[in-house]
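One structure is given here, and the rest of the page talks about it.
Laboratory data are not the source of any read-out in this text; all were calculated from the coordinates shown. All figures in this text were calculated on a predicted structure; none of them were measured in a lab. With ideal geometry, Cβ positions are generated from the backbone for all residues, glycine too; neighbour counts draw on all protein chains shown.
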Amino acid sequence: MKKIAILDTSICSTNLGDQIIMSAVESHLNEVFKDDFFIKIPTHDSIGKNSHRELESSNYKIVGGTNLLCSNINSYRQWRLNPYDALVVKNLTLMGVGWWQYQSPPNLYSKLLYKKILSSQLLHSVRDNYAKSQLESIGIRNVINTACPTMWSLTDDHCSNIPIEKSDSVLMTFTNYKKDKSSDAQLLLLLKQNYKQIYFWIQHPKDYEYVKELCEQSLDNAVQVDFIAPSLNALDKALSEDVDYIGTRLHAGVRALQKKKRSLILAVDNRAIEISKDTHLPVIPRNDFSSLKDWIVSNNDLKLNLPWETIEKWKKQFT
């Protein structure tokens with residue numbers, strides 16, 4: 001029996017999108033390591049002595065998803081690595097990890113740290129070609145683009161069962177750290193005009209206050225939304241109903257596709273844009289209201305272009 005350490009990006013995270021990612025990561029790793037033992041290590045908090053010991057004794061150490069990588073890890077520390085970790089942490093393997101934002105090439109500190117802690121033997125899985133090119137720019141070439149693990153279940157058969165026609169209800173999300181009150185207020189009114197019922201899922205604590213403020217400021221309080229509790233169980237229950245998804249939260253949109261719901265993601269940064277370039281995930285810029293109106297009223301077949309060969313290649317290296 002092997003021991004598999006999962007560097008879990010959902011621990012100490014206030015973004016429930018990380019739970020969506022880790023749900024997919026664990027599901028696929030359970031298929032690869034069917035009879036093996038798993039232990040979880042945090043990425044959003046400092047690695048302690050016990051975690052260092054468990055990492056050292058693990059057969060494989062897999063970093064699960066999200067946009068952990070960046071060009072200046074010494075100043076932007078979503079992944080809480082420090083110089084001591086570089087001395088004791090090694091042979092980590094990436095699984096569907098992305099780059100934080102569009103950035104210049106990694107600085108010297110980030111380059112040295114990544115080259116020290118990442119495996120030079122196993123293939124690293126990243127979720128888009130931009131992350132792949134950033135790693136290759138510092139000499140890490142054992143990298144393949146597998147798209148995000150949340151999408152690995154979106155086979156052609158699965159997608160063929162996603163409705164193509166508009167629902168009467170819509171589930172939406174906003175991103176609290178990417179506010180655009182003018183555009184988001186316009187989006188609310190557009191959804192009010194096209195759907196009988198609007199639901200809002202709270203992916204981050206600050207999302208609630210933001211959408212509540214937008215509704216209160218809408219013309220004559222014209223827009224009313226029903227709030228969905230901030231949990232994956234509540235999201236999945238809402239997605240069990242006849243509903244479309246439209247929102248700025250990337251992984252809530254992918255979760256909707258997992259649950260066979262018509263879904264459109266409104267891009268606010270590089271993550272959705274880069275994944276869409278590679279996979280044809282349904283993504284448009286958040287301010288493209290003309291395309292949004294067309295999508296709402298049109299019948300939309302979902303034709304994804306997922307890199308099945310590289311996904312299988314990454315999985316099979318462990319078997």
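Quick notes
- Qualifying GluC sites (Glu not before Pro) in the range 121-216, DSSP loop, other Cβ atoms within 10 Å at most 15: Glu165
- At most 15 other Cβ within 10 Å, DSSP loop - trypsin sites (Lys or Arg not before Pro), the range 1-62: Lys2, Lys34
- Distant-in-sequence amide contacts of Ser13, defined by a placed amide H-H separation under 5 Å and a gap of 5 or more residues or a different chain, comprise nothing.
- Of Lys40/Lys316; Lys132/Lys181; Lys237/Lys277; Lys181/Lys261; Lys166/Lys192, those spanning more than 24 Å from alpha-carbon to alpha-carbon: Lys132/Lys181; Lys237/Lys277; Lys181/Lys261
- Dipole orientation for the range 156-297: of the candidates Leu191, Thr248, Ser291, Thr248 has the Cα lying most toward the positive pole (charges on Cβ; Lys, Arg +1; Asp, Glu -1).
- Gain in span if fully extended, Lys115 to Arg80, counting 0.36 nm per residue against the direct Cα distance: 11.0 nm
- For the chain, a Kirkwood hydrodynamic radius built from all Cα pairs, placed in the Stokes-Einstein relation at 37 °C and 0.692 mPa s, yields a translational diffusion coefficient of 161 µm²/s.
- Semi-axis lengths, largest first, of the ellipsoid equivalent to the range 207-319 are 30, 18, 14 Å, with √(5λ) applied to each eigenvalue of the Cα gyration tensor.
- The alpha carbon centroids of the range 236-264 and the range 276-309 are separated by 13 Å.
- In nm, spacing of pseudo-spin labels at Ile39 and Met1 (7 Å Cα→C-beta vector): 1.3
- Under the Karplus curve 6.51 cos²θ - 1.76 cosθ + 1.60, θ = phi - 60°, whole-Hz ³J(HN,Hα) for the range 32-47, x wherever Gly or Pro sits: 6, 10, 5, 10, 10, 9, 10, 9, 9, 10, x, 10, 8, 9, 4, 7
- Aspartates and glutamates whose Cα lies under 19 Å from that of Lys178, excluding same-chain neighbours fewer than 8 positions away: Asp18, Asp207, Glu209, Glu213, Asp269, Glu274, Asp288
- Those chymotrypsin sites (Phe, Trp or Tyr not before Pro) in the range 37-113 that DSSP places in a loop and that have at most 16 other beta carbons within 10 Å: Tyr76, Tyr102
- For Val63, residues with placed amide H under 5 Å, excluding near neighbours: Leu7, Thr93, Leu94, Met95
- For the chain, a simple Cβ point-charge model (Lys and Arg +1, Asp and Glu -1, everything else neutral) yields a dipole of about 1060 debye relative to the Cα centre.
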